[in-house]
Amino acid sequence: SGAAHTPSQSRSRFEQVVDLTHALDESTPYIPVPNITFPFKKTPIATVAKDGVAAYRWEIHEHLGTQIDAPNHFFEQGRSLERLPVESLVVPLVVIDVSARAESNADTSVTVADIELWERRHGRIPEHAAVMMTSGWDRRIKDAKTFVNADASGAMHFPGFSAEAALFLARSRQVSGIGVDTLSLDPGLDVTFAAHKAWLATGKWGVELVANLRQVPPVGATVFVGAAKVTGATGGPVRLIAVW
């Protein structure tokens with residue numbers, strides 16, 4: 001009846017697996033909002049030496065570290081985190097690289113022209129894809145001051161999506177999610193959150209503080225979005241993994 005069937009022969013294997021997640025710790029940068037946001041903190045509540053088991057208490061808000069925004073982050077009637085369809089969380093990954101522009105202009109954003117140029121090079125964005133911007137900003141992760149990049153007036157300077165690009169992806173392409181390697185889907189200067197609002201109004205997700213996107217091809221990978229499943233949540237820490 002033929003050779004014995006071994007698990008290794010039947011298990012599909014990816015040639016490449018890349019972690020797109022920053023480790024969360026007390027120095028992780030975040031958008032400073034007075035009386036709302038605060039740094040991550042973990043405190044031991046049990047130790048192996050004393051209690052026979054180790055555990056920490058975490059102090060965290062939903063939008064710290066590599067994290068996901070659900071539509072209800074900006075819209076009261078929007079879908080909450082646990083209601084995101086699971087099939088929208090395992091999707092083709094598209095990476096749009098604006099790092100050359102970001103080096104000389106921290107206020108740059110992904111535009112409709114960038115998306116059209118990407119499609120001329122790589123073909124139409126795959127259906128249900130996640131479209132993520134790489135700006136090279138993840139190189140700054142160990143220095144919160146340069147990551148937030150606030151000027152003397154408090155205005156932040158880092159790249160993001162333009163509202164027009166977000167609307168184009170929502171209305172003209174069947175995209176499941178968008179992502180950035182910076183602190184916000186919007187460029188840091190935009191305090192109106194135009195891209196957030198344009199995108200989240202369509203009932204889809206966005207991820208921020210994505211790592212290692214420069215290690216992933218522009219097209220051909222699949223991203224697994226390991227979102228926490230907390231009832232009513234507006235977002236939360238996420239483990240992002242790209243495979244191809």
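The values are calculated or read from the model by the stated rules, or taken from the named source; none is laboratory data. Fair warning: this is a prediction, and the values are worked out from it, not measured in the lab. As a convention, Cβ positions derive from the backbone with ideal geometry for all residues, glycine included, and neighbour counts pool all protein chains shown. Just the protein is used for accessible areas: all its heavy atoms, side chains included, with ligands, DNA and RNA removed. Shrake-Rupley method; radii C 1.70, N 1.55, O 1.52, S 1.80 Å.
The figures follow:
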read-out	value
Protein accessible area in segment 1-122, 1.4 Å probe - carbon and sulfur %	53
Per residue, in Å², the accessible surface of the chain once ligands and nucleic acids are set aside, probe 1.4 Å	52
Test item: Cα-centred dipole of the chain, Lys/Arg +1 and Asp/Glu -1 on Cβ, debye	560
Value of D in µm² per second that Stokes-Einstein yields for segment 193-244, Kirkwood Rh from Cα pairs, at 37 °C (0.692 mPa s)	254
Förster radius 30 Å - calculated FRET efficiency between E59 and V112 (Cβ-Cβ, nearest 0.05)	0.15
Candidates I141, I178, I60: whichever shows maximal mean-square fluctuation once the chain is modelled as a Gaussian network with Cα springs under 10 Å	I60
Cα gyration tensor, segment 113-164 - rounded (a/c under 1.5), prolate or oblate	prolate
Calculated P(r) tail over 22 Å for the chain, as whole % of Cα pairs	55
By average C-beta atoms within 10 angstrom, highest first, the peptides 64-75, 14-25	64-75, 14-25
Under 30 Å from the Cα of K145 - lysines, other chains or at least 8 residues apart	K41, K42, K197
Leading residue at positive end of dipole, the chain (Cβ point charges), from Q67, F38, S88	S88
Sparsely packed GluC sites (Glu not before Pro) within segment 52-113, loop by DSSP, other Cβ within 10 Å at most 16	E76
Listed peptides 29-39, 158-168 by packing density, highest first (mean Cβ within 10 Å)	158-168, 29-39
Mean residue ellipticity (222 nm) of the chain, computed from DSSP H runs ≥ 4 via -39,500 (n - 2.57), nearest 500	-4500 deg cm²/dmol
Two-decimal Rg to Rh for segment 103-244 - Kirkwood Rh, Cα set	0.94
